[in-house]
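Beneath this line is the structure, given in structure tokens, with notes to follow.
Nothing in this text is a laboratory measurement; each read-out follows from the coordinates by a stated rule. Owing to the predicted nature of the structure, the values given are computational and were not obtained by experimental measurement. Neighbour counts are summed over all protein chains in view; Cβ atoms, including those assigned to glycine, are modelled from backbone coordinates with ideal geometry.
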Amino acid sequence: MLSFQARIVTIILITIVLGWIFSQLYGLVGGLLAALIFLTILLVHQLWHAQNFTKLLMTARYGDVPGALGIWGEIYYRLHKLVKGWRDQVLEVEKQHQRFIQAIQASPNGVIMLNEDDQIEWCNEVAEQHFGIQARRDAMQRITHILRKPAFVQYILRQNYRDPVRLTNMGLYEQYSLDVQIFPYGDKQKLVLSQDISQIEKTDAMRRDFVANVSHELKTPLTVMAGFLETVQELDLTAEERQKYLGLISAQTGRMKNLVDDLLTLAKLEGNPEPPISQTVRVSQLMQRLVMDAEGLSQGAHRIRSEILSNKDFLGDEAEIYSAFSNLVSNAIRYTPAGGEVTVIWKDADEGGVEFVVMDTGPGIAEEHIPRLTERFYRVDRSRSRETGGTGLGLAIVKHVATRHQGELRITSSLGIGSRFTIFIPAQRVVSE
Ligand SMILES: Nc1ncnc2c1ncn2[C@@H]1O[C@H](COP(=O)(O)OP(=O)(O)OP(=O)(O)O)[C@@H](O)[C@H]1O
Ligand SMILES: [Mg+2]
């Protein structure tokens with residue numbers, strides 16, 4: 001490519017040569033005229049290209065490269081290269097930006113970016129759910145116009161963002177409890193982060209309930225025992241009366257022991273890995289043991305029947321299974337009045353797998369209680385259950401054991417007719433004879 005000076009020199013030389021040739025042919029005037037016409041054509045050509053160039057700058061799309069000879073071809077080519085370089089850079093930045101957005105979208109926390117006037121510049125989808133906002137609709141809205149909770153408004157005004165603020169009953173479709181914290185950045189901009197703590201709050205509430213329940217359950221027998229002890233210490237009792245009170249005290253210690261044993265069993269179940277699939281639970285032996293237990297507990301007050309309709313065994317932890325099955329049997333005996341009937345069945349389940357069923361002709365359980373029976377400490381009739389020494393942990397343990405064996409506890413009952421408790425064990429754990 002020619003340099004600028006070379007081009008000027010070339011044009012001057014061409015003009016002189018043209019002028020000279022024409023002056024030889026038509027005299028000096030002819031020569032000057034020819035040189036002038038040549039320069040005019042050259043000027044018009046340049047102006048025409050300059051105009052095209054201006055049009056191109058205003059309207060061209062990327063990739064439009066007009067063809068031209070000489071310096072204009074060179075200009076168009078260089079311009080295209082320059083634009084291509086910028087475009088590649090922009091695309092790269094755009095790609096990084098997209099990756100960045102995707103990363104923030106993938107975050108389990110809500111993220112809102114505020115400008116220096118606390119207007120929403122951008123937010124991710126989690127923030128939309130947490131705060132019930134819409135990124136497009138609410139863009140450039142002041143956050144305090146949208147999030148009007150006094151606790152949050154005070155928090156943002158206070159300008160001390162060292163600790164998060166807790167907001168409850170948030171969200172449009174779901175109810176969230178959120179920890180929201182502001183992080184100032186850049187030039188007076190703010191990042192608002194929200195973390196869903198609903199689950200943590202639920203667990204906290206459960207833990208508090210649990211501690212309250214345990215304390216209450218321990219306090220009752222302790223109070224009763226203290227009363228009896230006082231009586232024994234302070235009153236002048238006959239040996240027979242004394243014996244009676246000591247018997248009552250011992251019943252209360254038995255209750256406390258049961259409670260602690262059940263709590264330990266639950267803790268063990270929760271802390272242990274799933275039961276092995278290498279151990280086989282021999283059901284027919286287990287059934288014999290359960291029937292003997294039932295007879296011992298009933299003391300002849302009930303008719304006890306057992307039916308082994310399946311010869312299948314299954315893989316699991318025998319001690320856990322015994323504890324679960326015997327819980328159901330002892331419930332049936334304890335809650336069924338004398339003269340009633342308790343039936344224990346081992347059978348194939350219709351949907352594959354096997355079932356352990358305990359049926360009784362007891363008082364039955366009202367519909368509304370059934371879904372809650374497996375909650376810890378839940379008892380239908382506290383006073384009746386207390387008479388029988390129940391703590392309300394039995395069915396919680398049964399459900400746990402069933403779930404750990406990938407099975408299920410199913411309960412059906414009719415008031416005045418009786419109840420049916422079923423532990424279902426899925427086919428994957430069954431071993432045939
Ligand atoms: N067969 C049944 N018939 C009637 N009610 C029952 C029967 N089984 C359980 N229930 C009711 O369900 C409640 C919860 O039973 P669960 O076995 O969890 O506790 P519990 O028997 O009171 O105490 P625990 O088993 O810890 O000694 C019982 O208090 C009782 O009200
Ligand atoms: Mg029980």
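Only loop residues by DSSP count here, and only those with at most 13 other Cβ atoms within 10 Å; note down the trypsin sites (Lys or Arg not before Pro) in region 238-343 that meet that.
ARG282
Under the criterion of Cα pairs below 8 Å and six or more residues apart, the relative contact order for region 280-431 equals 26 percent. Computed packing ranks the peptides 190-196, 273-279, 49-55 as 190-196, 49-55, 273-279, most packed first, by mean other Cβ atoms within 10 Å.
Semi-axes, largest first, in whole Å: what does sqrt of 5 times each Cα gyration tensor eigenvalue give for region 11-50?
Values for region 11-50, descending: 22, 9, 5 Å.
Straight Cα distances below 12 angstrom link LYS188 to the aspartates and glutamates GLU116, ASP117, ASP118, with same-chain residues fewer than 8 positions distant left out. Charged side chains reduced to their Cβ positions (Lys and Arg at +1, Asp and Glu at -1) give the chain a dipole of some 1740 debye around its Cα centre. Using only the alpha-carbon atoms of region 202-271 as identical scatterers, what base-10 log of I(q)/I(0) does the Debye formula give at q = 0.20, 0.21 Å⁻¹? Per q value, in the given order, log10 I(q)/I(0) is -0.85, -0.89. By the beta-carbon count within 10 Å of each Cβ, the least crowded to most crowded order of HIS400, HIS405, fewest first, is HIS400, HIS405.
Over all distinct Cα-Cα pairs of the chain, the Kirkwood formula returns a hydrodynamic radius of 31.1 Å.
Listed by Cβ neighbour count within 10 Å, with the fewest neighbours leading, GLU94, GLU320, GLU240 appear as GLU240, GLU94, GLU320. Taken over the alpha carbons of region 4-94 as equal point scatterers, the Debye sum produces base-10 log I(q)/I(0) values at 0.12, 0.20, 0.22, 0.25 Å⁻¹ of -0.56, -0.96, -1.06, -1.19. Taken over the C-alpha atoms, region 289-433 has Rg and Dmax values of 14.6, 45 angstrom. What the Cα convex hull of region 229-331 gives, in volume per residue, is 132 Å³.
Computed from the C-alpha gyration tensor, the three semi-axes of the ellipsoid equivalent to region 42-122 are 44, 15, 8 Å, from longest to shortest. What fraction of the Cα pairs in region 293-356, stated in percent, has a spacing above 15 angstrom? Tail of P(r) above 15 Å: 57 percent of Cα pairs. The base-10 log of I(q)/I(0) for region 107-196, evaluated at q = 0.17, 0.26 Å⁻¹, reads -0.62, -1.65 [Debye formula, identical scatterers on Cα atoms, solvent excluded].
Contact order for region 107-196, expressed relative to its length and based on alpha carbon pairs under 8 Å spaced 6+ residues apart, stands at 33 percent.
Across the chain, Cα pairs under 8 Å and at least six residues apart give a relative contact order of 9 percent.
Among the listed pairs LYS149/LYS190; LYS312/LYS399; LYS81/LYS190; LYS244/LYS268; LYS219/LYS268, which have their C-alpha atoms separated by more than 29 angstrom in this model? Check vs 29 Å cut-off fails for LYS81/LYS190; LYS244/LYS268. Here GLU355, GLU174, GLU368 are placed in order of increasing Cβ neighbour count within 10 Å, fewest first, which gives GLU368, GLU174, GLU355.
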